[in-house]
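Participant: Below you will find the structure I want to go over with you.
Just so it is clear, none of the values below were taken in a lab; they were calculated from the coordinates. Bear in mind that the values here come from a model prediction, so they are computed numbers and not experimental data. Cβ placement follows ideal geometry from the backbone for every residue including glycine, while neighbour counts extend to all protein chains displayed.
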Amino acid sequence: MFGQIRRDPGNGATGYPPTKHRPCPACDGVALTAGFGGPMSEPMLSPGSQAPDFEAPDQTGRPRTLTELTADGPIVLYFYPRDFTPVCTAEACLFRDAGAELAEAGARVVGVSADSPESHARFATRHGLSFPLLSDPDGRLQSLYQARMLLGLMARRVTYVISRDRRIVGGVHSELSAARHLEAVRRLLGERVPARP
């Protein structure tokens, strides 16, 4: 359940096979399975609650909204601190490599950080990312989704699964473990409730 994901003690006992990550130079040496480090203390949006709508430009400069992004099915909305940093790069590459698996489950990935569309375009090109990367320079989306660090300095590493009817299925917060986000997404997609009519 969602609460179990949020309070995962970091022992790796997820029931899933080890996460496979296609090597890329920027990620070499990055620990993909670092422990969470204890229970999550900061709040997150609650399962079943309405996901806040938004509009933000992607790496092509195209405005994207939650309504549009969920029109064809659930999305994996993940917040990360910065393009090109080691754990952020590892996380993006994990979601890239799991793209076919997530698409088979009916889900698409959407990333969010404070970086500009131009930075996102370079990041996506360098690492072969085909999913939207949204620019949130003022942290508005981070605040809406409770993905803002204390004092508002940067984004927390938070991932949500959002259903087609724009409700929160569940989420995970882990600053040091990129793999934990993908493992949680797999579990949440398996548990998600059908969209409401």
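Participant: What order do you get for ASP72, ASP115 when you list them from fewest to most C-beta neighbours inside 10 Å?
Facilitator: Result, fewest neighbours first: ASP72, ASP115.
Participant: If the label point is 7 Å along Cα→Cβ of ARG82, which residues in the range 95-133 have backbone nitrogen under 17 Å from it?
Facilitator: 112-124
Participant: OK, next. When the Karplus curve 6.51 cos²θ - 1.76 cosθ + 1.60 is applied with θ = phi - 60°, which whole-Hz ³J(HN,Hα) does each residue of the range 93-107 get, with x for Gly and Pro?
Facilitator: 5, 5, 5, 4, 5, 8, x, 5, 4, 5, 5, 5, 7, x, 10
Participant: Could I ask something else about it? Tell me, what HN-Hα J-couplings in whole Hz come from the Karplus equation 6.51 cos²θ - 1.76 cosθ + 1.60 at θ = phi - 60° for each residue of the range 125-139, using x for Gly and Pro?
Facilitator: Per residue, the Karplus-derived 3J(HN,Hα) values read 5, 5, 10, x, 8, 9, 8, x, 10, 8, 9, 10, x, 9, x Hz.
Participant: In addition: 7 Å from Cα along Cα→Cβ at both GLU55 and GLU68: what's the point-to-point distance in nm?
Facilitator: 0.9 nm
Participant: Whole-Hz ³J(HN,Hα) for each residue in the range 164-174, computed from phi via Karplus 6.51 cos²θ - 1.76 cosθ + 1.60 with θ = phi - 60°, x for glycine and proline: what do you get?
Facilitator: Ordered by residue, 3J(HN,Hα) equals 4, 8, 6, 10, 6, 7, x, x, 8, 10, 8 Hz.
Participant: Right, another one. Give me D for the range 60-197 in µm² s⁻¹, whole number, from Stokes-Einstein with Rh from the Kirkwood sum over alpha-carbon pairs, 10 °C and 1.306 mPa s.
Facilitator: Working: Rh = 14.9 Å.
Stokes-Einstein gives a translational diffusion coefficient of 107 µm²/s.
Participant: Report, by chain and number, residues whose modeled amide H sits under 5 Å from the one on VAL169, excluding near sequence neighbours (fewer than 5 apart, same chain).
Facilitator: Amide H neighbours of VAL169: GLY48, VAL161, ILE162, SER163.
Participant: Work out, step by step, the length gained on full extension between THR125 and ASP138: first 0.36 nm times the residue separation, then minus their alpha carbon distance; give nm to one decimal.
Facilitator: Working: separation 13, 0.36 × 13 = 4.68 nm, distance 2.40 nm.
Taking 0.36 nm per residue and subtracting the Cα distance, the gain is 2.3 nm.
Participant: Collect residues whose amide H, placed 1.01 Å from N in the peptide plane, falls under 5 Å from the amide H of LEU45; neighbours closer than 5 in sequence don't count.
Facilitator: Amide H neighbours of LEU45, under 5 Å, 5+ apart: none.
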